[in-house]
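Notes to accompany the following structure.
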Amino acid sequence: MKSQATKTLLALAIAASLSSQAFASDVSNISIMQDGVGQDVKSEQTGILNQSIVNQTGNDQAATISQNGVWLESYVTSNGDENDVEVIQTADWHISNIALEGNENLTSVTQDGFFNQSDVQVTGSTNIVDIEQVGDINESNIELIGDANSATVSQDGDNNFAVFRVQGNDNDGDITQIGNGNQAGLIALDLTPNIGNNNDVTTNQDGNSNVAGVRGISGDNNTVDMEQIGNLNTGFIYALDGSDNDISIEQEGDGNIAVFEFTTGDDNHVEIDQEGQSNTVGDTLIAVIDGNNNNIDIEQEGDANQAEFEVLGDDNDVDLDQEGDANYAAFGTYGNDNDFNLLSDGDNNTIFAFSVGDDNDIEIDQEGDVNFALVEIVGNDNEVDVEQDGNDNEVLASVSGDLNTEVDVTQVGDVNLVDLLVLGNENLVDIIQSGDGNWVGGETGGAFAIVGDNNSFIVSQTGNDNIVTGSQAGADNSVSVTQVGDFNSATVIQN
């Protein structure tokens, strides 16, 4: 049970500052202890220095505490069956501590005032906890150990804090915070895993400097839904170990950050939607998912978006859609049969994509200004498709492996450049550039060195100031260059 010593000492210290006569006249205290069957407690105080303590041990218990005053504290300890506790405290100094151990418990705490704090601990089955705090500097800490537990926290005020801890199955947590400096999440404070399956956590924050996070879940079929509307929001998923989890983070505001750090898990679905300025996926660390058959969907709409993701495993599907200004994306995969679809529509876009493994598919589509794409692939039977439609586009591709069936680069725009290096056998490279100042690369500059056997290199340029240099090294390689436009120059060397 959470200790109330510090809070009580602080209360006594402030109470001691009052005159002895005022303290003697204003002090209120109700203490009820019942041990038996069918207990019922109703405690109602209207004053300023109120305190109510209820301790019940038995069956069929019900407790209702309503305090209307300045210095309200309520502690309820219930041990038995079919417990029902309701605490309502209104203005100024609130502290409520409820600990329930038994079956079919129902707990509701409502605090309205200046200094609200609530601590609820439940051990049992079919428990329901409902907490609503309206005021300033609110704090709520809930710990549920059992099956089919549910906790709902709603805080409307400033500097709110809510934690939902659970160990068991089918637990539900719903946290809604509207205010400033809010923090919420399913977080193990002692850094132990929140163990269980089918847990649902929903956080809704509308305010400033909000933080919502999930740390240390060990289980399957968990659902985490975070919605943040405000400024400087941060949502993080850290140390989640499990499969078939559904993660959704929606951030609308300024300076949003989504941080992911998975350990292991398969068949997880991750969806991130950021609308605002300075959105970031990965923060200072690269977001990592380790597992197979994961689905990752990231959509960023705003200014200066940044996404850094790393996938370790097989058969993963990653979709990125960036619409805005000065976007940056870096995605990497270590595994086989992964599918990357990276789309950036805006200004000053940059996409890095690298893959280590076989049968991976990387698609990059950039429509905007000053786009840059870098693709690095190590493995066999991979496919690369880069399409840029805009201004000042540049593509650098490095492929090392065999039977990479298709490496496609299509650029429609101005001042396009393709730099290419392929090491391996039976690779196919197809480059189409239609625009101004196109260049493929090679010979005296960097890249366009295809080293291997049975490789095919096809270039078709239609536009102005086109140049294809070269070389190829190997046996049974083929080169086809078609240029229609102005100032074209082609130099191809095969050894």
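The values are calculated or read from the model by the stated rules, or taken from the named source; none is laboratory data. This is a predicted model, so every value here is computed, not measured. A quick note on method: Cβ atoms are made from the backbone with ideal geometry, for glycine too, and the neighbour counts reach across all protein chains shown.
Report, ordered by the first and then the second residue, all pairs with beta carbons closer than 7 Å, sequence separation of six or more or different chains, a first member in the range 213-233 that is under 17 Å from residue 147 (Cβ atoms) and at pLDDT below 85, and a second member that is crowded, with 20+ Cβ neighbours inside 10 Å and of a type in the set (A, V, I, L, M).
Filtered contacts from the range 213-233: 217/186; 217/240.
Assess whether residue 320 counts as being touching a Ser or Thr at 6+ places or on another chain (Cβ under 7 Å), in contact (Cβ under 8 Å) with a residue 24 or more places away in the chain and among the aliphatic types (A, V, I, L, M).
No, not satisfied.
Quickly run through the range 191-233 and pick out the residues that are touching a strand residue (DSSP E or B) at 6+ places or on another chain (Cβ under 6 Å), among the hydrophobic types (A, V, I, L, M, F, W, C) and over 16 Å from residue 143 (Cβ atoms).
Within the range 191-233, 211, 212, 224, 226, 229 qualify.
Select, from 395, 415, 422, the only residue that is closer than 27 Å to residue 369 by Cα and crowded, with 20+ Cβ neighbours inside 10 Å.
Matching residue, one of 395, 415, 422: 395.
Output yes when any residue across the range 327-337 is surrounded by 18 or more Cβ atoms within 10 Å (Cβ to Cβ), in contact with a strand residue (DSSP E or B) (Cβ under 9 Å, 6 or more places away or on another chain) and at pLDDT below 90, and no when none is.
Checking the range 327-337: at least one residue is surrounded by 18 or more Cβ atoms within 10 Å (Cβ to Cβ), in contact with a strand residue (DSSP E or B) (Cβ under 9 Å, 6 or more places away or on another chain) and at pLDDT below 90.
Sort out for me the strands (runs of 3 or more DSSP E) sitting completely within the range 237-303 that have 3 or more residues that are over 10 Å from the mean Cα position of the chain (by Cα) and within 22 Å of residue 342 (Cβ to Cβ).
Counting at least 3 such residues, we get 269-277, 287-290, 295-303.
Please find, within the range 113-135, the residue that is surrounded by the most Cβ atoms within 10 Å (Cβ to Cβ) out of those that are within 16 Å of residue 74 (Cα to Cα) and touching a Gly at 6+ places or on another chain (Cβ under 6 Å).
Among them, the one singled out is 116.
Just checking, does the range 8-29 include any residue being assigned to a strand (DSSP E or B), β-branched (Val, Ile, Thr), in contact with a strand residue (DSSP E or B) (Cβ under 6 Å, 6 or more places away or on another chain) and modelled with pLDDT of 90 or more?
No, the range 8-29 has no match at all.
Given the conditions (1) modelled with pLDDT of 90 or more; (2) surrounded by 14 or more Cβ atoms within 10 Å (Cβ to Cβ); (3) among the small types (Gly, Ala, Ser), and given that residue 36 satisfies all but one, which numbered condition is not satisfied?
Exception for residue 36: condition (2).
Of the conditions (1) surrounded by fewer than 24 Cβ atoms within 10 Å (Cβ to Cβ); (2) closer than 25 Å to residue 176 by Cα; (3) modelled with pLDDT under 90, residue 240 clears all except one; give me its number.
(1)
Being in contact with a helix residue (DSSP H, G or I) (Cβ under 8 Å, 6 or more places away or on another chain) and in contact (Cβ under 8 Å) with a residue 24 or more places away in the chain: is that true of residue 49 here?
Yes.
Please state which one of 317, 290, 254, 303 is surrounded by fewer than 18 Cβ atoms within 10 Å (Cβ to Cβ) and touching a Leu at 6+ places or on another chain (Cβ under 9 Å).
Values: 317 fails: touching a Leu at 6+ places or on another chain (Cβ under 9 Å); 290 fails: surrounded by fewer than 18 Cβ atoms within 10 Å (Cβ to Cβ); 303 fails: touching a Leu at 6+ places or on another chain (Cβ under 9 Å).
None of the others qualify; the one that does is 254.
Which residues, taken from the range 304-319, are modelled with pLDDT of 90 or more, in contact with a strand residue (DSSP E or B) (Cβ under 7 Å, 6 or more places away or on another chain) and over 15 Å from residue 342 (Cβ atoms)?
312, 313
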